[in-house]
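See structure below.
The values are calculated or read from the model by the stated rules, or taken from the named source; none is laboratory data. Remember, it's a predicted structure, so these values are computed and weren't measured experimentally. Positions of Cβ are backbone-derived with ideal geometry, glycine not excepted, and every protein chain shown enters the neighbour counts.
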Amino acid sequence: MKIHHKSVDSILSPLSPLVAPTDDQPRNPFTDTRVAITGGTSGLGLSLVRELLDRGAKVALVARSRDRVECVVQELPAAHGVVGDVSRKEDIHPITMQIVGALGGLDVLINNASDLGPIPLQLLGDTECEDLERTLATNFLGPFRLTKAMLGSLAASARECRGAVVVNVSSDAAVIAYPRWGSYGSSKAALLHLSRIWDEELSSEGVRVLSIDPGDMDTPLHAAAVPDADRSSLKRPEVAARELADTVAAVLSQRTEAIVQEEIG
Amino acid sequence: MIAARLPVQRPSNARVLIVDGEGNIEHKARSEFAELLRPDDVVVANDAATLPASLFGQHSRTGRRIEIRLAGRDSLDEIRYFSALVFGEGDFHTPTENRSKPPALKRGDRLELGRLRGTVVRLLNHPRFILLQFEGSPQEIWEGLARHGRPIQYAHVPTPLAVWDTWTPIAGRPVAFEPPSAGFVLDWSMLASISARKIRFGTITHAAGVSSTGDPELDVLLPFPEPYRIPRSTALMIKHAQASRGRIIAIGTTVARALEHTAAVFDGLVPFGERLATQRLGASSRLRIVDAILSGAHERGSSHYELLRAFVDDETLSRIDHELNTRDYRTHEFGDSVFLERAAHQTRSAPRSSAAA
């Protein structure tokens, strides 16, 4: 689990100064926190849906396949399922409307949906332009558009000291030039830099934008990229989900501690 | 004035007419709005996103084509019951007041609106104003609205509006039926500039209603009751401004309506919470909270225009009208703006105590 910029310890809310923990029984930072997760029907996304529901969050998940969304909602009826494709511009506002409408706002957005690019992986010289465009649309433009559409909700969340965190799920391919990972790696590199800039720009609004690399996981995406990988060497997605949730919890806890201090003060 | 026909939220040549508390008028580029603000001011905007409240479909009993425009609901959380206006065939290219009538509507009539299914619960004292009940789970209703609905359109904007045309940059919960368009002036750069100057910015979420029903009998009832929510952070900002004599500046008529409604209920205080605004502000209203308003350049006779009479007297409004007309200001949602300080003789009444909120 790598956070690509700014350690969580350094993350301060500009609206609510961090104070030292004083509560012997820390609050669960996810209680009633409103979370949206894209790519929420498989791999890390599905594990995050389960993990965050377990932690008391109100969760909406987004995925392209109606059948899979309905299947997850049948298993986890507390989750709000939204059918949509983040790579399609026309889907962004309908997705946003359903999430924010159903949850009554938004505190945490996890841009997890990812497109691997051409399968099997190709050298850049053999990559069709359309394949690269599709990868960028899902991994880069989609998170940008969705975050932009939800920025009003996130800023409102920050003003109300509820948290306001965007997590862009990244990869070591964003920083290491692996041959044949050109589409995926360059899209994740772009997303990483977008995250860094947005984190700087939104600090005055109290919205945090994190880029988190969960590590190599035993997921359908990894299996498509490396079919002959030794699965026993890969991280279980539920483990990665727990680690990612802990990271977000650390940011949210700072908000909780600030509220406690305000109430005491 | 001339109608703003292009759905551009922040045209580079947008203007703002400014009236100070003494009635003096000047003109500025609207992009300079932040320069009108002073330290200790609190700026409050409506962060409602706009629902795609126009739903085309069929009246099942007669098979005739209809358009439904959602117009109101009792709370921000309500998703099943809406008050709604019903129109017959045609679309926004025909001015609302000239639209054809729908078939005679009766209690229990079923309406097919894309994937959505609804029932006329009852008529609301008018043949085409109904209480509508949607069928299905909240998930199905949200999906139906998001996928089938279109923003309410305007005859003066020839290009069909997309949803994103109607969302302000700060749009959050989708609860408005028409855009809180005064907020089009805002962008994130302006908010950063405001923040850097230690001017506080807060929001309320107010379900802005329809601006026109197409029927004079109904238009006189505008604005309909509108639910709104004042968050704790905004309530605290207002409390501090009241204590420090900072100005409270409303971005849009919906903010003025909400804050003054709460102040009327709580005798000058503005505690946080959700409420239903039922009052109309006008010439006889006593403003308790809002010191200045940024609003659109509205036409005489509209409910928005009536609200401005709470800020300035009719003589000043006449001078404003003259300036807007002779200088070709653009009216309607995507038009220019006015910034009115409350007339100096209308001093803000002190709250009952400073202990609330």
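In the stretch A:233-250, the residues that are touching a residue at least 60 places away in the same chain (Cβ under 8 Å) reach residues that are among the basic types (Lys, Arg) and crowded, with 17+ Cβ neighbours inside 10 Å with C-beta atoms within less than 7 angstrom, at least six apart or across chains, in these pairs: A:Ala245/A:Arg55.
Residue-wise test of (1) assigned to a loop (DSSP other than H, G, I, E, B); (2) surrounded by fewer than 20 Cβ atoms within 10 Å (Cβ to Cβ); (3) more than 14 Å from chain A (Cβ to nearest Cβ); (4) touching a residue at least 40 places away in the same chain (Cβ under 8 Å).
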residue	(1), (2), (3), (4)
B:Pro39	yes, yes, yes, yes
B:Phe56	no, yes, yes, yes
B:Arg65	no, yes, yes, no
B:Asp74	yes, yes, yes, yes
B:Leu105	yes, no, yes, yes
B:Gly108	yes, yes, yes, no
B:Thr119	no, yes, yes, no
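For the stretch B:121-163, the tally of residues that are in a strand (DSSP E or B), of a type in the set (D, E, K, R) and free of Cβ contacts under 8 Å to residues at least 40 places away in the same chain stands at 1.
Sort out which residues of the stretch B:143-163 are within 11 Å of chain A (Cβ to nearest Cβ), more than 18 Å from B:Gly72 (Cβ to Cβ) and buried (at least 20 other Cβ atoms within 10 Å of the Cβ), and write them in order of number. It would help to see each step written out before you state the result.
Step one: of the stretch B:143-163, the residues within 11 Å of chain A (Cβ to nearest Cβ) are B:143-149, B:151, B:162-163.
Pick out the ones that are also more than 18 Å from B:Gly72 (Cβ to Cβ) and you get B:143-144, B:146-148, B:162-163.
If the condition is that a residue be within 11 Å of chain A (Cβ to nearest Cβ), more than 18 Å from B:Gly72 (Cβ to Cβ) and buried (at least 20 other Cβ atoms within 10 Å of the Cβ), then B:Glu143, B:Gly144, B:Ala146, B:Val163 are the ones that fit.
Condition (residue is away from chain A (no Cβ under 14 Å), touching a Pro at 6+ places or on another chain (Cβ under 9 Å), under 21 Å from B:Ser337 (Cα atoms) and not hydrophobic (A, V, I, L, M, F, W, C)) applied to the stretch B:176-187: is it met by at least one residue? For the stretch B:176-187, residues away from chain A (no Cβ under 14 Å), touching a Pro at 6+ places or on another chain (Cβ under 9 Å), under 21 Å from B:Ser337 (Cα atoms) and not hydrophobic (A, V, I, L, M, F, W, C): present.
Filtering B:Phe184, B:Phe224, B:Phe201 for residues that are outside the structural domain of B:Ser75 (by TED's automatic domain parsing), aromatic (Phe, Trp, Tyr) and part of a loop (DSSP other than H, G, I, E, B) leaves a single hit, B:Phe224.
With the condition being buried (at least 20 other Cβ atoms within 10 Å of the Cβ) and within 9 Å of chain B (Cβ to nearest Cβ), I'd like the strands (runs of 3 or more DSSP E) fully within the stretch A:71-177 carrying at least 1 qualifying residues.
Numbers: elements: A:80-83, A:108-111, A:165-169.
In the stretch A:71-177, A:80-83 are the strands (runs of 3 or more DSSP E) which contain 1 or more residues that are buried (at least 20 other Cβ atoms within 10 Å of the Cβ) and within 9 Å of chain B (Cβ to nearest Cβ).
The set of residues in the stretch A:188-204 being in contact (Cβ under 8 Å) with a residue 60 or more places away in the chain and farther than 18 Å from A:Leu109 by Cβ consists of A:Ser204 alone. The combined condition, being within 13 Å of B:Val44 (Cβ to Cβ), in contact with a strand residue (DSSP E or B) (Cβ under 8 Å, 6 or more places away or on another chain), touching a residue at least 12 places away in the same chain (Cβ under 8 Å) and small (Gly, Ala, Ser), is fulfilled by B:Gly202.
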